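These notes are about the structure you will find just below.
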Amino acid sequence: MTSALDRALGARLPAPPDALRRGPFRPGAFRSPLHSERRSARVGGFLGAAFLVCFLTGLLSHLIQHAPGWFVWPASPVWLYGVTQGLHVTTGLTAIPLLLVKLWTVYPKLFEWPPAGSPSRVVGRLSILVLVGACAMQLVTGLLNTAQWYPWGFFFPDAHFWTGWIAIGAVAVHVGAKAPEIRRGLARRGSPGAVAGLTPEQADERTAVDGAAEQQPVSRRAFVVAAGLGAGAVTVTMVGQTFSPLADVSVLAPRHPGVGPQDLPVRQTAERAGVTGTALDPAYRLTVEGPDRLDLTLADLRAFPQHTEQLPITCVEGWSAGGTWTGVRLADLLAAAGLPRGTAVTVESLQPGGLYRASTVAPPHARSPRTLLALQLEGEPLHLDHGYPVRLIAPNRPGVMQTKWVTRVAPA
Ligand SMILES: Nc1nc2c(c(=O)[nH]1)N[C@H]1C(S)=C(S)[C@@H](COP(=O)(O)O)O[C@H]1N2
Ligand SMILES: [Mo]
């Protein structure tokens, strides 16, 4: 395809005058073996693996939150979503230093001479722009998202989802297009001639000029160790927000499990959600729509059999924290309202607006004995910010679907 393009447009594009070949453009400008094909291919391997895991776990999270008819996400094991979302955030964060290292190994290619020898090179170089742009966009917006910071005008989940497809597509095209280099890079011990930024002829020319004498300001081993430590440090300092044994070393994590009212972080406060009045109103009722519609006061809810479950809130933004919840089984309420077992329902909040004021409970969760309309956390009435008087808490489900300040449940 590319050669057809070259044939149609003329195989060679005119080269700029040689007088411009200065600074980084001059032959042999990049001598460090850190720019070798081998280094580039190996870092690329780790980066590609991180991207793939990040993409697949991101896709899964999207499917759970916007479930198409064919998609069924189970209610157990309880911790599964915590693991997949933890992997998503961790691989994304680890990819940031890996991407920087990768860009360092290949940046001499920016100074390739001639800048565009053929039409297919122009296309190839533009595709790198898309690749780097999409990957950087995903990593940066994802990072800011973990800090709960949305300094942009677009709707993050949609933008992150679609750019994810562009990024993974660009990675696949890149790996396909670079297959020969990758194979060479992984097969051979880094040879001094194999500099990523140079064509084979340029490399030969350069090797002839420089001989075997390599200028090594940083040794290869030091480079690999530094890159590994950088990626590892980012991982360890962030992962504690989902993996509590590491919480104490997670100095970069914006959230800490266990810090917040009733030892649990708060994502949206009652104040910001605009429910402080309605949530504390004695006229509060929980309505359950069905053949035998229920209109329950808090006292009515307390008269139902109470159950206690240990279940985490796993926020898509990257933190996860466990709580001990007590309340009424959703399944018991649906049965009391005359609904068949496992009816999918919508759970609605007192919150007057906002994207997260309601969520859908699919059959596996509607039927699960572990899905509660919780009245208590850690043995006390829910804190107002955790959803007083009643919140949904279900196993193996994104935090964003654990609706707070619930006032109405209706068949979906
Ligand atoms: N009504 C309502 N419920 C909501 C939200 C919201 O904005 N409004 N935020 C959700 C999100 S994103 C998360 S992570 C959890 C967090 O629960 P917590 O604040 O009690 O920890 O609540 C969920 N329930
Ligand atoms: Mo969340």
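Name the residues whose placed amide hydrogens come within less than 5 Å of the amide hydrogen of ALA344, ignoring near sequence neighbours (fewer than 5 apart) on the same chain.
Under 5 Å from the amide H of ALA344: ALA412.
Given a Förster distance of 25 angstrom, what is the FRET efficiency for SER127 paired with LEU186, based on the Cβ-Cβ distance and rounded to 0.05? Numbers along the way, then the final one.
Details: r = 22 Å, r/R0 = 0.87.
Working from the Cβ atoms, E equals 0.70.
Check which residues have an amide H placed less than 5 Å from LEU296's amide H, if you skip close sequence neighbours.
When sequence neighbours closer than 5 places are left aside, the close amide H contacts are LEU286, THR287, VAL288.
Highest mean first, what order results for 146-155, 102-111, 398-407 on Cβ atoms within 10 Å? Please report the intermediate quantities before stating the final value.
Values: 146-155: 11.4, 102-111: 17.5, 398-407: 22.9.
Those peptides, ordered most packed to least, come out 398-407, 102-111, 146-155.
With +1 on the Cβ of every Lys and Arg and -1 on the Cβ of every Asp and Glu, and nothing else charged, how large is the dipole of the stretch 263-411 about its Cα centre, in debye rounded to the nearest 20? List each step's numbers first, then the result.
Working: 14 positive and 14 negative charges, 78 e Å.
Dipole size: approximately 380 debye.
At 0.36 nm per residue, minus the direct Cα-Cα distance, what do GLN148 and ALA412 gain on full extension? Give it in nm, one decimal, please. Before the final figure, lay out each step's value.
On the way: separation 264, 0.36 × 264 = 95.04 nm, distance 2.99 nm.
That pair, GLN148 and ALA412, stretches by 92.1 nm at full extension.
Using mean Cβ contacts within 10 Å as the protection proxy, how do 275-282, 371-378, 94-101 order, highest first? Walk me through the numbers before you get to the answer.
Working: 275-282: 15.1, 371-378: 23.6, 94-101: 21.5.
Going by the mean number of other Cβ atoms within 10 Å, highest first, we get 371-378, 94-101, 275-282.
Any lysines with Cα under 19 Å of the LYS178 Cα? List them, leaving off those in the same chain fewer than 8 positions away.
List returned: LYS102, LYS109.
Using amide H atoms built in the peptide plane, which far-off residues or other-chain residues are under 5 Å from SER118 H to H?
LEU13
Using the Cα gyration tensor of the chain, with a ≥ b ≥ c the square roots of its eigenvalues, what is the shape: rounded (a/c below 1.5), prolate (a/b larger than b/c) or oblate (neither)?
Numbers: a/c = 3.32, a/b = 2.55, b/c = 1.30.
Prolate is the answer for the chain, as a/c is 1.5 or above and a/b outweighs b/c.
Highest first, please rank the peptides 330-341, 34-45 by the mean number of other Cβ atoms sitting within 10 Å of their residues.
Working: 330-341: 17.8, 34-45: 23.0.
Result, highest mean first: 34-45, 330-341.
Read-outs throughout are calculated quantities, based only on the coordinates presented, and are distinct from any laboratory measurement. It should be emphasised that the depicted structure is a prediction, and the values quoted were computed from it without experimental measurement. Neighbour counts are summed over all protein chains in view; Cβ atoms, including those assigned to glycine, are modelled from backbone coordinates with ideal geometry.
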